[in-house]
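Undergrad: Here's a structure for you.
The values are calculated or read from the model by the stated rules, or taken from the named source; none is laboratory data. In this text, all values refer to a predicted model and were calculated from it rather than measured experimentally. All Cβ positions, glycine included, derive from the backbone under ideal geometry; neighbour counts span all protein chains shown.
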Amino acid sequence: MTKTSWDGAQILVKSLEAQGIEYMFGIPGGATIPIFDALVTTGTKIKFVLTRHEQAATHMADGYARATGRPAAVLVTSGPGATNTVTGIMTAHIDSVPMIVVSGQAATHMLGKDAFQEADIYGMTMPIVKHSYLIHDTNHIPRIVREAFHIATTGRPGPVLIDVPKDISMAPFVGDPLAAMELPGYNPEAPAPDPATIQAIADALLRARKPIILIGHGVIISDACTAIRTLAEKIHAPVTSTLLGKGGFPESHALSLGMLGMHGTAYANKAMVEADLILNFGSRFDDRILGVPARFGRDAVKIHVDIDPAEIGKMLKPEIVCLGDARQVAEALLKVVGNPDTGAWIKHINALKKDFPLHYRRTGGLKMQHIIEELYTLTGGKAVVATDVGQHQMWTAQYWKVDRRNDWLSSGGAGTMGFGLPAAIGAQFGRRKDLVVSVSGDGGFQMTMPDFATACNHKLPIKAIVLNNSYLGMVRQWQELFYADRKSGVDLEGNPDFAKIAEAYGALGLRIKRAADVRKVLTRALEYDSGPCIIDVQVHKEQNVFPMVPAGKALEDMILEPRPRRGRPPVAARKK
Amino acid sequence: MQNNFTHTLSVVVANKPGVLARIAHVFARRGFNIDSLVVSSSMEGNVSRMTITALGDPANLYQIIEQVKKLVDVIHCTDHTGEDVVVKEMALVKVHVGPAARTEVLQVADHFGAESVDMTESSMILMAVGDSDKLEAMLKLLRKFKVVELCRTGKVLMARGELPT
């Protein structure tokens, strides 16, 4: 970076490279041609991946970041190129995923004049970015890129947008390529855990008879996994996780309760209701796990460990608050915790697991759970799994036990359909040697299906499983349960043959229609590694996900089982 | 069951484009109306000070303050409600008043330490500086005359004594 005859586009690419960006996903356009040219003229090490849609590009960067812990960049043009990234930026923002989005922009003198492909993406994305820049001076580029990385990857991570007008990328750069950051208002360093608070938590734990540890995405981001595991084993407390916390604690561990919440395991939800102490590491107590905030953990001492002060007290009032990094707090806690008497509690938890297991019948049509379970068995759970959003996502969360950090990629807060396939593609770029599976429904899959071409171009051996029930299944389920089965706008009539779609791209297309074929076809898919494949699984059309905490109800109002026959009310989990 | 109070916040921000829009977004998203907003330069060159007055529930406001603090360009944000601070604002009031009532208007102005800054045959403009209660009291008395325009700067605030704002 010592050569000084760069232009703005070139210094931008060199600055991104200097931050260690490995991949850049996107699509060029008029406003970014100088930057795309700089990708060639600078001889950069950054690998550009051409996608078929900008939304997919953002999900690829997102999947890459979730699977590796390192950010990737997105490079799109102005106007529609930029607005197509909005869903992906929001998805990353709400799930605290680092990402750098570089958008081209009309020339500075044309801003605000409705120029061709001018969109105020800087203004539009303000509420969904951690921070953003509209560059006014070419010489600011190195500082801005440095700041953008620093902001995206530290503290509670998030996406940062850099909007680059075309004249800025074309102007000569005469500034300092090593210019320092100017961020007087940004102090991401987590406060060191307060010893008095740590002691208070340890004391509360010692008094507790029925403690439960709740882990969220913060545990994965801060890599508190080992500390949490040691802590759980030391105090003999069961551990449940949010959808995004999966992988923060090995789910095959005897103390794991799997996921809690709206479609969590019955034993996780029951344990949460009965617990006398809830120790939350890095989860924001979101509405999908709380049910009714006022009724959540009413009789429990609630302890909230979070790096973000804005999360404290947002949904409920915890008895003990500990601001800090999940890992540092867990490690500090390990030094002072005693040995609470949880023997009876663990015994009770194990009885709950035995009495209320996840279950389904393998007869009466092909079930989504069957596919997930079989795939888990065949792979030993050693895969990176990306999901879409909906019924298949919840079943995958229930049946796929994640043991390792960064092996689970799912759009939690945003619930973005179409996330799975591109996230899997991004993950496979970041982890070439690992098995990457995307599990989607037929609805979400079609939202970003064109980017199957990207997986084909790069011969990524992704297994794209489409759990196809020809419905927008989760909405259909709500309509059945809460709207007297009036189906409205959920029938995906006109679906293509997904196996043939794969073949049309020159990839392997497989099909499963019968339970008897599941193992055989999945084995075939796992053996195939010369490119991606699509497995079109035609599953039972009207299956419902249970357990279920209906929206607006508390965890103890969980519906445990599907109603045995039409017309009968659901079985309530609450004891009379 | 909302407990609405008027809160006066002092926000110190890096003087960069877009920072006001970001702060306004946070308030708007949670349904807070900003009653008054003053943005001005501060002692340090690259830093601006905003004084924001907003009406709302304290718990909700706590959340807003935390979210405002999270903004990268916000250096700090403090709620000074109930603290020992000097809070002042200025008002310009245009009154339609002829020679007959002029003396009475000037008496009111005099009592509140307001200045007459413009006078014609049929109108005058008063300039008053003080805390909001004082301005309200003056306006109340002026209402018997024909107040045709009112413009208030919004509150500015500073902590008393050695304490920084």
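Undergrad: In the set A:LEU352, A:LEU366, A:LEU375, A:LEU333, which member is under 30 Å from A:ILE425 (Cα atoms) and more than 27 Å from the chain's Cα centre (by Cα)? First the steps, then the outcome.
TA: Values: A:LEU352 fails: under 30 Å from A:ILE425 (Cα atoms); A:LEU375 fails: more than 27 Å from the chain's Cα centre (by Cα); A:LEU333 fails: under 30 Å from A:ILE425 (Cα atoms).
The conditions single out A:LEU366.
Undergrad: Report whether or not A:GLY567 is modelled with pLDDT under 95 and not basic (Lys, Arg).
TA: yes
Undergrad: Which of the residues spanning the stretch B:16-48 are in contact with a Phe, Trp or Tyr (Cβ under 8 Å, 6 or more places away or on another chain) and within 14 Å of chain A (Cβ to nearest Cβ)?
TA: B:GLY18, the sole residue that qualifies.
Undergrad: For the stretch A:307-348, name all the residues that are crowded, with 16+ Cβ neighbours inside 10 Å and among the β-branched types (Val, Ile, Thr).
TA: If the condition is that a residue be crowded, with 16+ Cβ neighbours inside 10 Å and among the β-branched types (Val, Ile, Thr), then A:ILE307, A:ILE312, A:ILE320, A:VAL321, A:VAL329, A:VAL337, A:THR342 are the ones that fit.
Undergrad: Follow-up. I'm trying to understand the selection: among the residues of the stretch B:49-65, which are within 15 Å of B:VAL19 (Cβ to Cβ) and either within 14 Å of chain A (Cβ to nearest Cβ) or among the aromatic types (Phe, Trp, Tyr) (or both)?
TA: Once the filter is applied, which keeps residues that are within 15 Å of B:VAL19 (Cβ to Cβ) and either within 14 Å of chain A (Cβ to nearest Cβ) or among the aromatic types (Phe, Trp, Tyr) (or both), the stretch B:49-65 yields B:ARG49, B:MET50.
Undergrad: Kindly indicate whether any position in the stretch A:285-301 is of a type in the set (Phe, Trp, Tyr), crowded, with 20+ Cβ neighbours inside 10 Å and touching a strand residue (DSSP E or B) at 6+ places or on another chain (Cβ under 6 Å).
TA: Among the residues of the stretch A:285-301, not one is of a type in the set (Phe, Trp, Tyr), crowded, with 20+ Cβ neighbours inside 10 Å and touching a strand residue (DSSP E or B) at 6+ places or on another chain (Cβ under 6 Å), which makes the answer no.
Undergrad: Moving to a separate point now. Out of all the residues in the stretch A:98-137, which are among the polar types (S, T, N, Q) and buried (at least 24 other Cβ atoms within 10 Å of the Cβ)?
TA: Across the stretch A:98-137, the qualifying residues are A:SER103, A:GLN105, A:SER132.
Undergrad: Would you check if there is a residue in the stretch B:8-15 being within 27 Å of A:ASP306 (Cα to Cα), of a type outside the set (Phe, Trp, Tyr), at the interface with another protein chain (Cβ under 9 Å from one of its Cβ atoms) and crowded, with 21+ Cβ neighbours inside 10 Å?
TA: yes
Undergrad: Residues in the stretch A:145-164: is at least one assigned to a strand (DSSP E or B) and either surrounded by fewer than 23 Cβ atoms within 10 Å (Cβ to Cβ) or away from every other protein chain (no Cβ under 14 Å) (or both)?
TA: yes
Undergrad: Considering only the stretch B:30-45, state which residues are at pLDDT 90 or above and either farther than 26 Å from A:LYS314 by Cα or in contact with a helix residue (DSSP H, G or I) (Cβ under 7 Å, 6 or more places away or on another chain) (or both).
TA: If the condition is that a residue be at pLDDT 90 or above and either farther than 26 Å from A:LYS314 by Cα or in contact with a helix residue (DSSP H, G or I) (Cβ under 7 Å, 6 or more places away or on another chain) (or both), then B:ILE34, B:VAL38, B:VAL39, B:SER40 are the ones that fit.
Every residue, every condition in (1) within 14 Å of another protein chain (Cβ to nearest Cβ); (2) out of contact with any helix residue (DSSP H, G or I) (no Cβ under 9 Å at 6 or more places or on another chain); (3) acidic (Asp, Glu), yes or no:
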{"residue": "A:ILE278", "(1), (2), (3)": "no, no, no"}
{"residue": "A:ASP287", "(1), (2), (3)": "no, no, yes"}
{"residue": "A:PRO293", "(1), (2), (3)": "yes, no, no"}
{"residue": "A:ILE312", "(1), (2), (3)": "yes, no, no"}
{"residue": "A:ILE320", "(1), (2), (3)": "no, no, no"}
{"residue": "A:ALA332", "(1), (2), (3)": "no, no, no"}
{"residue": "A:THR342", "(1), (2), (3)": "no, no, no"}
{"residue": "A:LYS347", "(1), (2), (3)": "no, yes, no"}
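Undergrad: Take the conditions part of a helix (DSSP H, G or I), surrounded by fewer than 20 Cβ atoms within 10 Å (Cβ to Cβ), within 14 Å of chain B (Cβ to nearest Cβ) and without any contact (Cβ under 8 Å) to a residue 40 or more places away in the chain and apply them to A:ALA351. Does it pass? Spell out the reasoning first.
TA: Details: part of a helix (DSSP H, G or I): yes; surrounded by fewer than 20 Cβ atoms within 10 Å (Cβ to Cβ): yes; within 14 Å of chain B (Cβ to nearest Cβ): no; without any contact (Cβ under 8 Å) to a residue 40 or more places away in the chain: yes.
Criteria not met by A:ALA351.
Undergrad: Also: Let me confirm something: among A:HIS263, A:HIS304, which residue is within 14 Å of chain B (Cβ to nearest Cβ) and either among the small types (Gly, Ala, Ser) or surrounded by 20 or more Cβ atoms within 10 Å (Cβ to Cβ) (or both)?
TA: A:HIS304
Undergrad: Here's something else I'd like to know. Considering the stretch B:81-119 alone, what residues qualify as being of a type outside the set (A, V, I, L, M, F, W, C) and under 30 Å from B:LEU163 (Cα atoms)?
TA: B:THR81, B:GLY82, B:GLU83, B:ASP84, B:LYS88, B:GLU89, B:GLY113
Undergrad: Which of the residues belonging to the stretch A:341-394 are closer than 30 Å to A:ARG511 by Cα, basic (Lys, Arg) and at pLDDT 95 or above?
TA: Those that are closer than 30 Å to A:ARG511 by Cα, basic (Lys, Arg) and at pLDDT 95 or above: A:LYS367, A:LYS382.
Undergrad: Given the structure, is B:GLU115 under 27 Å from B:THR51 (Cβ atoms) and without any contact (Cβ under 8 Å) to a residue 24 or more places away in the chain?
TA: It is true that B:GLU115 is under 27 Å from B:THR51 (Cβ atoms) and without any contact (Cβ under 8 Å) to a residue 24 or more places away in the chain.
Undergrad: Taking B:ASN4 as the residue in question, decide whether it is over 22 Å from A:PRO309 (Cα atoms), of a type outside the set (Ser, Thr, Tyr) and within 13 Å of another protein chain (Cβ to nearest Cβ).
TA: No, not satisfied.
Undergrad: Is one or more of the residues making up the stretch B:66-74 within 14 Å of chain A (Cβ to nearest Cβ) and either touching a residue at least 60 places away in the same chain (Cβ under 8 Å) or closer than 21 Å to B:ASP133 by Cβ (or both)?
TA: yes
Undergrad: Residue by residue through the stretch A:95-123, note down the ones that are closer than 30 Å to A:GLY412 by Cα and away from chain B (no Cβ under 11 Å).
TA: Once the filter is applied, which keeps residues that are closer than 30 Å to A:GLY412 by Cα and away from chain B (no Cβ under 11 Å), the stretch A:95-123 yields A:ASP95, A:SER96, A:VAL97, A:PRO98, A:MET99, A:ILE100, A:VAL101, A:VAL102, A:SER103, A:GLY104, A:ALA119, A:ILE121.
Undergrad: Quick check on my filter: what residues within the stretch A:512-547 are surrounded by fewer than 18 Cβ atoms within 10 Å (Cβ to Cβ), of a type in the set (Gly, Ala, Ser) and in a loop (DSSP other than H, G, I, E, B)?
TA: A:SER530
Undergrad: On to the next question. Specify which of the listed residues (B:LYS94, B:LYS146) is of a type in the set (D, E, K, R) and at pLDDT below 95.
TA: B:LYS146
Undergrad: Given the conditions (1) of a type in the set (Gly, Ala, Ser); (2) crowded, with 16+ Cβ neighbours inside 10 Å; (3) under 25 Å from the mean Cα position of the chain (by Cα), and given that A:ALA275 satisfies all but one, which numbered condition is not satisfied?
TA: Tallying (1) of a type in the set (Gly, Ala, Ser); (2) crowded, with 16+ Cβ neighbours inside 10 Å; (3) under 25 Å from the mean Cα position of the chain (by Cα), A:ALA275 fails exactly one: (3).
Undergrad: Same structure, new question: Across the stretch B:75-105, what is the total count of residues that are within 14 Å of another protein chain (Cβ to nearest Cβ), out of contact with any helix residue (DSSP H, G or I) (no Cβ under 7 Å at 6 or more places or on another chain) and among the hydrophobic types (A, V, I, L, M, F, W, C)?
TA: 1
Undergrad: In this structure, is A:GLU189 of a type in the set (Asp, Glu), within 14 Å of chain B (Cβ to nearest Cβ) and over 25 Å from A:VAL273 (Cα atoms)?
TA: No; evaluated as a whole, the condition is false for this residue.
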